[in-house]
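A.B. asks: Have a look at this one.
The values are calculated or read from the model by the stated rules, or taken from the named source; none is laboratory data. If you're wondering where the values come from, they're calculated on a predicted model, not measured in any experiment. Methodologically, a virtual Cβ is constructed for each residue, glycine included, from the backbone with ideal geometry; neighbour enumeration extends over all protein chains shown. The accessibility values were calculated without ligands, DNA or RNA, using every heavy atom of the protein model including side chains. Shrake-Rupley method; radii C 1.70, N 1.55, O 1.52, S 1.80 Å.
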Amino acid sequence: TCGVTTAGEAYCWGANNLGQLGNRLSATSTSPVLVSGERTWASISIGYYHVCALTTTGEAYCWGWNNSGQLGDGMMVTRREPTLVSGEFEWLSLNGGYYHSCGLTTAEEAYCWGRNKYGGLGDGTFTSRSTPNPVSGGYSWTLVDAAGSSSCGAAKSGGLYCWGRNDYGGLGVGTTTNSTTPVRVGGNW
């Protein structure tokens, strides 16, 4: 579990076997511990054994398990402290999924990185990426969210789009076929 205080400090607690507390240590903590680094945090999002957080200046940092590149730093090395996400982006939001992460930039562009076994990065491939990769379609986005092995986003022009794993119909498009690119969710949005 993690949270950000009103003063902009980030704290995490719980299991820490893969560095997910971000305090450079490996010991589990039953009470909140301060995330390493002297940054002022705006928001924090927990994935599966990894965490991503956004500073008040729009920088993205991730830490924890990095077996599929979900930290976005160009490596596949587990990190026990916040590591800057690659690229010259100013971020508005970040979300951690199961083995991938996604973010929205101030330019209204959506990027995802990490494991892409089911197409959850939305780039038209099943190729995993260890740095942010743009979501296909050329949309301007107001929201993007990584969840499980799929992702969804709200387009500025209207409509909700999802991509990735769909074996139980979770993309909401009337099929159970995985999609490597954004597909519009059915219904009137």
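A.B. asks: Could you check how many residues of the stretch 35-45 are open to solvent by 40 Å² or more (accessible area, probe 1.4 Å), at pLDDT 95 or above and either part of a loop (DSSP other than H, G, I, E, B) or within 13 Å of residue 16 (Cβ to Cβ) (or both)? Show your work before the answer.
C.D. replies: From the stretch 35-45, those open to solvent by 40 Å² or more (accessible area, probe 1.4 Å) are 38-40, 42-44; that's our starting set.
Within this subset, residues satisfying the condition of being at pLDDT 95 or above are 39-40, 42-44.
In the following step, the residues that additionally are either part of a loop (DSSP other than H, G, I, E, B) or within 13 Å of residue 16 (Cβ to Cβ) (or both) were identified as 39-40.
Number of matching residues: 2.
A.B. asks: Here's another thing I want to ask about it. Where residues in the stretch 129-157 are hydroxyl-bearing (Ser, Thr, Tyr) and farther than 17 Å from residue 62 by Cα, which of them is most open to solvent (accessible area, probe 1.4 Å)? Let's see the steps before the verdict.
C.D. replies: Going residue by residue through the stretch 129-157, those that are hydroxyl-bearing (Ser, Thr, Tyr) are 130-131, 136, 139-140, 142, 149-151, 157.
Next cut, farther than 17 Å from residue 62 by Cα only: 136, 139-140, 142, 149-151, 157.
Numbers: 136: 34, 139: 71, 140: 51, 142: 82, 149: 32, 150: 26, 151: 1, 157: 107 Å².
Applying the filter and picking the extreme gives 157.
A.B. asks: Return yes or no: is residue 52 among the hydrophobic types (A, V, I, L, M, F, W, C) and more than 23 Å from residue 23 (Cβ to Cβ)? Spell out how you get there, then give the answer.
C.D. replies: Working: among the hydrophobic types (A, V, I, L, M, F, W, C): yes; more than 23 Å from residue 23 (Cβ to Cβ): no.
Criteria not met by residue 52.
A.B. asks: Now, a different point. Consider only pairs whose beta carbons are under 6 Å apart and that are at least six residues apart or on different chains; among these, list those whose first residue lies in the stretch 169-182 and is surrounded by 12 or more Cβ atoms within 10 Å (Cβ to Cβ) and whose second residue is outside any loop (DSSP other than H, G, I, E, B) and not small (Gly, Ala, Ser).
C.D. replies: 171/162; 173/183; 179/163; 181/163; 182/161; 182/163
A.B. asks: Next question, about the same structure. Just to be sure before I move on: is residue 9 within 15 Å of residue 84 (Cα to Cα) and open to solvent by 60 Å² or more (accessible area, probe 1.4 Å) in the structure I sent? Steps first, answer last, please.
C.D. replies: On the way: within 15 Å of residue 84 (Cα to Cα): no; open to solvent by 60 Å² or more (accessible area, probe 1.4 Å): yes.
No; evaluated as a whole, the condition is false for this residue.
A.B. asks: Can you tell me which residue among 73, 123 is open to solvent by less than 40 Å² (accessible area, probe 1.4 Å), of a type in the set (D, E, K, R) and over 23 Å from residue 165 (Cβ atoms)? Working first, answer last.
C.D. replies: Values: 123 fails: over 23 Å from residue 165 (Cβ atoms).
Among 73, 123, only 73 is open to solvent by less than 40 Å² (accessible area, probe 1.4 Å), of a type in the set (D, E, K, R) and over 23 Å from residue 165 (Cβ atoms).
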